[in-house]
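Enquirer: Dropping a structure here in structure tokens format, bear with me for questions.
Only the coordinates and a few stated rules stand behind these numbers; no lab work does. From a predicted model like this one, the values you see are computed outputs, not experimental measurements. In this analysis, Cβ positions are derived from the backbone assuming ideal geometry, glycine residues included, and neighbour counts consider all displayed protein chains.
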Amino acid sequence: LSFAPNSIVTFTTDFGLDDPYVGIMKGVVLSLNRAAHVVDISHRIPAHDIVAAMLVLRSSYSYFPAGTVHVVVVDPGVGSRRRPLLMVSDKHAFVGPDNGVLSCVFQKERTVRVFHLTEERHFLKIVSSTFHGRDIFAPVAAQISCGTSPELFGPEIEDIVRIELPLPRRLGPNKLLGTILRIDKFGNLITNLSLDHLVGPRQSEGSNLRFKVSLGGRNILRLCQSYSEGMGEEPFAILGSADLLEISVNQASAAELLEAQATQEFEIEVL
Amino acid sequence: LSFAPNSIVTFTTDFGLDDPYVGIMKGVVLSLNRAAHVVDISHRIPAHDIVAAMLVLRSSYSYFPAGTVHVVVVDPGVGSRRRPLLMVSDKHAFVGPDNGVLSCVFQKERTVRVFHLTEERHFLKIVSSTFHGRDIFAPVAAQISCGTSPELFGPEIEDIVRIELPLPRRLGPNKLLGTILRIDKFGNLITNLSLDHLVGPRQSEGSNLRFKVSLGGRNILRLCQSYSEGMGEEPFAILGSADLLEISVNQASAAELLEAQATQEFEIEVL
Amino acid sequence: LSFAPNSIVTFTTDFGLDDPYVGIMKGVVLSLNRAAHVVDISHRIPAHDIVAAMLVLRSSYSYFPAGTVHVVVVDPGVGSRRRPLLMVSDKHAFVGPDNGVLSCVFQKERTVRVFHLTEERHFLKIVSSTFHGRDIFAPVAAQISCGTSPELFGPEIEDIVRIELPLPRRLGPNKLLGTILRIDKFGNLITNLSLDHLVGPRQSEGSNLRFKVSLGGRNILRLCQSYSEGMGEEPFAILGSADLLEISVNQASAAELLEAQATQEFEIEVL
């Protein structure tokens, strides 16, 4: 592994911004690596929502420079027998609980080594059973960001908890069942469909594509190239910034208009 | 232009803090300038509210040291024909869409040069039509913060979109129509009236000033020097931190008490 | 005093994240100390809630490395006669209003010197009566973080405003009256009871402890070691990350379930 730390440490948690928990973790990191540069990805993951945290991590980490350490603390099992993990690829390191939240890394990184964090000399002196973000994950991340070798934190393991995202299911020759993965702040519905699912490999991409999405009692037929092409309150489809099909409304919330939820399924027919 | 970057990059967006969008932009900046110091001004501009973003930018940017790059992404027209801009003055650089959000800069900076961002070699390799914050504005800001010359990003232009804030209107010899520009988190109503509008140039400032603001069915006659001078639930006027007249209630929300909204107009009579 | 600054400056305020106030304070700090590293503890202290701010400061500041400057701006008396303060211990410096918010420092730091900030040459040139965070506290913090001697900011004083947190009251040989100090984002009720209050000095800690908390019409008898030991919607007690007894529900809000509020009192009987 050629991982070489750059002192950047990102945080993704469900701690919110009301409490001192995030600040405490930053204090711990800075106490162990004065040169650390902590960057918040989000602290507003819904409480205990492991899948939401994984989606946020998956769509953001690779935009950071090689050598970044990513800490994810959405950890309903803190203090139980679930294992604390360190994962390292050529470009990035990841620290968090073994509850599936880090498992998206295997999809995007070629080589990943996983370590079970057992060496308590790298933790804070007293480890609580309620705040491993402070007592285990922040100190380990700080030390990794300083260049401490991953092997020193515990044994290498392989059998970690994995979360599989729902894949589109084929319902017929031209019909798929898609799933809303996430709803963003603007009310855009981010689905699990990429253009590959809609266009055959020999077809050309884009504008000639015709389909019908059935969602919230509506049929959505239009594919826009930008949000501002949307008319009035009409929902449309658009290829979003994560290369996934989104359902959107121009300057309004598709989630509200269509009363849509994350994990909701919908039919799409290629015309 | 004597602009010399200091590696500080500020962000003002309507992206909120739930989604990974802000974190992704920080990753892009740090990938291109490892020494960048990104500072959040606010990510909680109401969605698509260009005027609110402009007011936040206007009241904050000049407190940063000379050489700071300010990125503003409130961009309902992303992916449409609206132009991406770079503006540079002697002290500050600004990056954002040509929708008026940057136009306040002309009021405060003596010399401003404006460039239309067209040179795609300075963008991310693939430019989406939905997230120019990531694909255009963050990479350009990072390169400006490294010292790349503004001329290299595209042609200089002049005819950018400008937003004019409402000015107080004279209704009679002693009467003005003012406008609430913004309501802050404490419920203070920040108006478009400065003391100059109320005091004649030869009068002395302040305590002898007598006026009557008519708002929400109430008459407000009192001018306080500090919030804590306010009594009970009585609304009062105060010269706020941006040198604009505010309507406030001590330890309570004037916006709630008076059921006031941004853009609402009110009469003020000098007594 | 051996305080030696490390250029880290933390912020704890009730300014929220919608307005530019926090960004402005960061700009002021960076203008005076380009090497400053500003870390947000929380900006979502409830408006004007001095006790909440003190609790957040108390539970977080000591995790930062020695030499950190902590700025706290929850300041309903801004612009009145309340004094602006600088407090310095061997390890940490604190800047904020004399309204009690900094008084927790005396409980945790051995030697503390307190200075009344009077030397206006260290403030911004024009000091408003509504935003001392920008005009006084940020510039003083920046200068302290650069190594300016505390004595230069004003006279040393002793008689500052102190807030005493409620202590558990003994109601009978085995009965105490506790108080909910704070409710965190997960709905955990953080109380003013530590294990010392429940275990006699000669008893061994922990698992044999039996007690009954009476709260919200419920009796809570169970002490869990981790949140995930909680069953269904059953509230339980747990020793939280600040070594205080918390009342929690596994993956749900104890505050909602028990309709509990901060400052609420409850009985606890040791069985």
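Enquirer: Where the centre of each part is set by its Cα atoms, how far does the range A:158-185 sit from the range B:48-74, in angstrom?
Expert: For the range A:158-185 versus the range B:48-74, the Cα centre distance is 39 Å.
Enquirer: In addition: Show me, for the range A:177-186, the HN-Hα J-couplings you get by feeding each phi into the Karplus relation (A = 6.51, B = -1.76, C = 1.60, θ = phi - 60°), rounded to Hz, glycine and proline as x.
Expert: 9, x, 10, 7, 7, 7, 10, 8, 5, 7
Enquirer: Once you've got the GNM for chain B with C-alpha springs shorter than 10 Å, pick whichever of B:Arg218, B:Arg182, B:Arg113 has the biggest mean-square fluctuation.
Expert: Largest GNM mean-square fluctuation: B:Arg218.
Enquirer: Return one number: the angle in degrees, 0 to 90 and rounded to the nearest 10, between the long axis of the Cα atoms of helix C:21-32 and the longest principal axis of the Cα atoms of chain C.
Expert: So the inclination is approximately 50 degrees.
Enquirer: To continue, here is another question. Amide H of B:His92 versus every other amide H placed in the peptide plane: which residues, excluding those fewer than 5 positions away on the same chain, fall under 5 Å?
Expert: Counting only residues 5 or more places away or on other chains, the set is B:Gly67.
Enquirer: Once you average over the residues of B:34-45, how many Cβ atoms of partner chains fall within 10 Å of each Cβ?
Expert: Taking all residues of B:34-45 together, the mean is 5.
Enquirer: Another question, if that's okay. Say each of B:Lys212 and C:Glu156 gets a label point 7 Å from the Cα, pointing the same way as Cα to Cβ; how far apart are those two points in nm?
Expert: 5.7
Enquirer: Could I have the simple spin-label model distance between B:Leu195 and A:Ser2, label points 7 Å from Cα toward Cβ, reported in nm to one decimal?
Expert: Inter-label distance under the simple model: 6.3 nm.
Enquirer: Still on this structure, please answer the following. Taking every DSSP beta bridge with both residues inside chain A, roughly what % is antiparallel (nearest 5)?
Expert: In chain A, approximately 70 percent of DSSP beta bridges are antiparallel ones.
Enquirer: For the protein assembly as shown, what class follows from the C-alpha gyration tensor (a ≥ b ≥ c being the square roots of its eigenvalues): rounded when a/c is under 1.5, otherwise prolate if a/b is larger than b/c, else oblate?
Expert: rounded
Enquirer: Convert each backbone phi in the range C:254-260 into a coupling constant with the Karplus relation 6.51 cos²θ - 1.76 cosθ + 1.60 (shift: θ = phi - 60°), then list the ³J(HN,Hα) values in order as whole Hz, x for Gly and Pro.
Expert: 3J(HN,Hα) across the range C:254-260, in whole Hz: 5, 4, 6, 4, 9, 6, 9.
Enquirer: Between chains C and A there is a rotation axis; tell me the chain C residue with the nearest beta carbon and how many whole Å away it sits.
Expert: C:Leu17, 4
Enquirer: Enter the Cα centre distance for the pair the range B:114-145 and the range A:87-136, rounded to the nearest angstrom.
Expert: After rounding, the separation between the Cα centres reads 34 Å.
Enquirer: Just want the answer: with Cβ charges of +1 for Lys and Arg and -1 for Asp and Glu, which residue in A:Cys146, A:Gly79, A:Val101 is farthest toward the dipole's positive end in the range A:55-152?
Expert: Of the candidates, A:Val101 comes out farthest on the positive side.
Enquirer: Sticking with this structure for a sec: Expressed as a fraction of 2.2 N^0.38 Å, the rule-of-thumb size for a compact globular protein of N residues, what is the C-alpha radius of gyration of chain B? Walk me through the numbers on the way to the answer.
Expert: On the way: Rg = 20.8 Å, N = 271, 2.2 N^0.38 = 18.5 Å.
That ratio works out to 1.12.
Enquirer: Does anyone have the angle between helix B:50-60 and the longest principal axis of chain B? Alpha-carbon axes, 0 to 90°, nearest 10?
Expert: Once rounded, the angle reads 90 degrees.
Enquirer: Given axes a ≥ b ≥ c from the Cα gyration tensor, I'd like to know whether the range C:15-159 is rounded (a/c under 1.5), prolate (a/b larger than b/c) or oblate.
Expert: The shape class here is rounded.
Enquirer: Indicate, rounded to the nearest 5 percent, the antiparallel portion of the DSSP beta bridges found entirely in the protein assembly as shown.
Expert: The antiparallel fraction comes to roughly 70 percent.
Enquirer: Now for a separate question. For chain B, modelled as a GNM with alpha-carbon contacts under 10 angstrom, which of B:Val127, B:Val38, B:Val95 fluctuates the most?
Expert: Judging by the Gaussian network model, the answer is B:Val127.
Enquirer: List the lysines whose Cα lies under 22 Å from the Cα of B:Lys26, skipping any in the same chain that are fewer than 8 positions away.
Expert: Partners within reach: A:Lys26, A:Lys91, A:Lys108, A:Lys185, B:Lys125, C:Lys26.
Enquirer: Further question on the same structure: With a ≥ b ≥ c taken as the square roots of the eigenvalues of the C-alpha gyration tensor of the range A:21-74, please select rounded if a/c is under 1.5 and otherwise prolate if a/b is larger than b/c or oblate if it is not?
Expert: oblate
Enquirer: Next question, about the same structure. Considering only the range C:2-130, what is the antiparallel percent among its DSSP beta bridges, to the nearest 5?
Expert: 40
Enquirer: Can you pull the one-decimal nm distance between simple spin-label points at C:Arg81 and C:Leu271, each 7 Å off the Cα toward Cβ?
Expert: Roughly 5.5 nm, to one decimal.
Enquirer: While we're looking at this one, here's another question. Quick one: which residues, 5 or more positions from C:Leu244 or on another chain, have an amide H under 5 Å from its amide H? H modelled 1.01 Å from N in the peptide plane, none for Pro or chain starts.
Expert: Result for C:Leu244 returns nothing.
Enquirer: Residue-wise, which Karplus ³J(HN,Hα) couplings in Hz belong to the range C:234-242, taking 6.51 cos²θ - 1.76 cosθ + 1.60, θ = phi - 60°, and x for glycine or proline?
Expert: The phi angles translate into 6, x, 9, 9, 8, 7, x, 6, 9 Hz.
Enquirer: Measuring from a point 7 Å out along Cα→Cβ, what nm distances, shortest first, does C:Asn219 have to its partners in the other copies?
Expert: Relative to the other copies, C:Asn219 has label-point distances of 6.4, 6.4 nm.
Enquirer: Also, I was wondering about something else. Could you order the peptides C:71-79, A:47-55, A:219-227, C:156-164 from most to least packed, using the average number of other C-beta atoms within 10 Å per residue?
Expert: Peptide ranking by packing, descending: C:71-79, A:47-55, A:219-227, C:156-164.
Enquirer: Here's something else I'd like to know. In whole percent, what relative contact order does chain B give with Cα contacts below 8 Å and a gap of six or more residues? Write down the numbers at each step before the final one.
Expert: Numbers: 580 pairs, mean separation 43.7, N = 271.
Value for chain B: 16 percent.
Enquirer: Now a separate question. Enter the mean number of other protein chain beta carbons within 10 Å of the beta carbon of each residue in B:120-130, as an integer.
Expert: Going residue by residue through B:120-130 and averaging, the value is 3.
Enquirer: Amide H to amide H under 5 Å from A:Ser103: which residues, 5+ apart in sequence or cross-chain, H placed 1.01 Å off N in plane?
Expert: Residues meeting the criterion, in which the H sits 1.01 Å from N, are A:Ile163.
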